Amino acid sequence: MRGRGALIYVMGPSGAGKDTLLAGARASLDPAAFAFAHRYITRPPMPEDENFVALSPTEFAARRAAGFFAFAWRARNVDYGIGAEIDAWRAMGLCVVVSGSRADWAGGAPERAGAVPVLITAPAELLARRLADRGRDKDVAARLARADAFAIDAPHLVRVENDGTVTEGVDALVAAFTAIRRGSAAAA
């Protein structure tokens with residue numbers, strides 16, 4: 001029988017490159033060992049978005065009330081959720097990767113669930129340039145102000161500084177995920 005898989009909770013400020021690095025890690029890692037959870041979000045998808053399930057606010061509220069989400073939070077007038085199916089995946093021994101929120105982490109639910117926090121960061125000037133380049137953010141200044149709004153203080157925090165090439169960032173994230181999985185397997 002397999003042991004319970006690790007839960008990796010990835011977060012970081014807008015412009016840090018989370019979606020890009022997560023997509024690269026997902027393509028690089030063994031899907032028989034790692035499961036990447038999709039998010040449920042109350043906004044329509046946009047080109048070049050992450051793969052997510054779009055829900056109406058009413059659908060989201062009903063699913064939340066029914067206990068369909070392991071984690072749920074609200075940011076910038078949009079609801080986000082991670083499905084409770086991640087518990088089944090972990091029970092199967094998979095290492096589950098979640099794209100979460102610093103505000104949700106601060107609320108304590110992921111930490112209580114035993115998640116390992118992974119914070120993807122980048123210098124402020126790089127965040128500003130990336131936000132401006134992607135052109136979808138109406139208020140870049142507000143996004144930058146939020147970059148320092150949440151201090152993540154966890155003794156087992158893993159930091160990935162995404163200030164180089166995409167390949168370097170993906171390699172660093174893959175190395176972090178692999179080390180977390182190894183550590184989880186050793187503890188089981």
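The values are calculated or read from the model by the stated rules, or taken from the named source; none is laboratory data. Everything numeric here is computed off the predicted structure, so don't read it as measured data. Positions of Cβ are backbone-derived with ideal geometry, glycine not excepted, and every protein chain shown enters the neighbour counts. SASA here: full protein model, heavy atoms, side chains in, ligands and nucleic acids out. Shrake-Rupley method; radii C 1.70, N 1.55, O 1.52, S 1.80 Å.
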Counted residues in region 167-184 being open to solvent by 70 Å² or more (accessible area, probe 1.4 Å) and either within 11 Å of residue 116 (Cα to Cα) or modelled with pLDDT under 95 (or both) come to 2
Qualifying residues in region 71-80 (those that are more than 13 Å from the chain's Cα centre (by Cα) and among the hydrophobic types (A, V, I, L, M, F, W, C)) - the one surrounded by the most Cβ atoms within 10 Å (Cβ to Cβ): 75
Residue 93 vs. criteria part of a loop (DSSP other than H, G, I, E, B) and open to solvent by 30 Å² or more (accessible area, probe 1.4 Å): no
Hey, can you tell me all the residues within region 23-34 that are under 29 Å from residue 123 (Cα atoms) and surrounded by fewer than 21 Cβ atoms within 10 Å (Cβ to Cβ)? 23, 24, 26, 27, 28, 29
Which of the following residues is in a helix (DSSP H, G or I), open to solvent by less than 70 Å² (accessible area, probe 1.4 Å) and among the β-branched types (Val, Ile, Thr): 120, 86? 86
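Listed here are the residues, each with its yes/no results for (1) within 24 Å of residue 114 (Cα to Cα); (2) open to solvent by 50 Å² or more (accessible area, probe 1.4 Å); (3) at pLDDT 95 or above.
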| position | (1), (2), (3) |
| --- | --- |
| 11 | yes, no, no |
| 45 | no, yes, no |
| 57 | no, yes, yes |
| 61 | no, yes, yes |
With the first residue restricted to region 159-175 and required to be over 13 Å from residue 123 (Cβ atoms) and touching a residue at least 60 places away in the same chain (Cβ under 8 Å), and the second required to be open to solvent by 30 Å² or more (accessible area, probe 1.4 Å) and small (Gly, Ala, Ser), Cβ contacts under 7 Å at 6 or more apart or on different chains are 160/172; 170/28; 174/28
